[in-house]
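Note sheet for the following structure.
The values are calculated or read from the model by the stated rules, or taken from the named source; none is laboratory data. Model, not experiment: these values are computed from the prediction. Here Cβ is always computed from backbone atoms with ideal geometry, including for glycine, and neighbour counts include all displayed protein chains. For the accessible areas, the whole protein counts, side chains as well, though only heavy atoms, and no ligand, DNA or RNA atoms are used. Shrake-Rupley method; radii C 1.70, N 1.55, O 1.52, S 1.80 Å.
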Amino acid sequence: PDGAAIIEATMRNQGTTASRPFVPLLVISDAGGLEVGETAGQPQTLEAGATLQLALPAKLGKLPHGTYYVSVIPSHPETGRSVGIGQYHVEVKL
């Protein structure tokens with residue numbers, strides 16, 4: 001789609017039991033930490049030691065040129081709050 005980049009990420013359950021259900025959430029923030037966009041994936045559950053490959057669209061079309069940060073967070077399917085451990089904050093320049 002016009003103005004969308006695809007962000008690829010890998011999530012892994014390093015625990016010894018299956019994860020609780022979660023939704024992979026792509027969050028885009030500006031240099032000051034203000035959230036400027038997000039995209040939710042489909043609900044998932046990972047077995048112990050399992051890995052999930054993701055490709056989520058980042059809608060960037062209306063953002064001015066500058067530095068932004070993307071994070072892919074395991075979030076609670078109902079509340080959207082972060083669950084589990086791990087979050088990556090990767091710099092992206094437009």
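For region 48-87, which residues satisfy the criterion of being hydroxyl-bearing (Ser, Thr, Tyr) and either in contact with a strand residue (DSSP E or B) (Cβ under 6 Å, 6 or more places away or on another chain) or assigned to a strand (DSSP E or B) (or both)?
Across region 48-87, the qualifying residues are 51, 67, 68, 69, 71, 75, 82.
Just give me the residues in region 64-77 being surrounded by fewer than 16 Cβ atoms within 10 Å (Cβ to Cβ) and farther than 12 Å from residue 40 by Cα, in sequence order.
We begin by selecting, within region 64-77, every residue surrounded by fewer than 16 Cβ atoms within 10 Å (Cβ to Cβ); these are 64-67, 76-77.
The answer is 64, 65, 66, 67.
Among the residues that make up region 31-50, is at least one of them open to solvent by 70 Å² or more (accessible area, probe 1.4 Å) and among the small types (Gly, Ala, Ser)?
For region 31-50, residues open to solvent by 70 Å² or more (accessible area, probe 1.4 Å) and among the small types (Gly, Ala, Ser): present.
Going by the structure shown, is residue 54 in contact with a Pro (Cβ under 6 Å, 6 or more places away or on another chain) and either among the acidic types (Asp, Glu) or at negative phi (or both)? Working first, answer last.
Values: in contact with a Pro (Cβ under 6 Å, 6 or more places away or on another chain): yes; either among the acidic types (Asp, Glu) or at negative phi (or both): yes.
Here the answer is yes, as residue 54 does meet what is asked.
Where residues in region 1-30 are hydroxyl-bearing (Ser, Thr, Tyr) and part of a loop (DSSP other than H, G, I, E, B), which of them is most open to solvent (accessible area, probe 1.4 Å)?
Applying the first criterion (hydroxyl-bearing (Ser, Thr, Tyr)) to region 1-30 yields 10, 16-17, 19, 29.
This time we only want the ones that are part of a loop (DSSP other than H, G, I, E, B), so: 16-17, 19.
Numbers: 16: 132, 17: 95, 19: 34 Å².
Out of the qualifying residues, it is 16.
Which members of region 51-63 meet the condition of being closer than 17 Å to residue 8 by Cα and either surrounded by 15 or more Cβ atoms within 10 Å (Cβ to Cβ) or without any contact (Cβ under 8 Å) to a residue 40 or more places away in the chain (or both)? Before the answer, list the steps.
Within region 51-63, the first condition is being closer than 17 Å to residue 8 by Cα, and the residues that meet it are 51-60.
Selection gives 52, 54, 56, 58, 59, 60.
Would you check which residues across region 78-94 are under 17 Å from residue 15 (Cα atoms) and loosely packed, with under 11 Cβ neighbours inside 10 Å and list them?
Correct list: 85 only.
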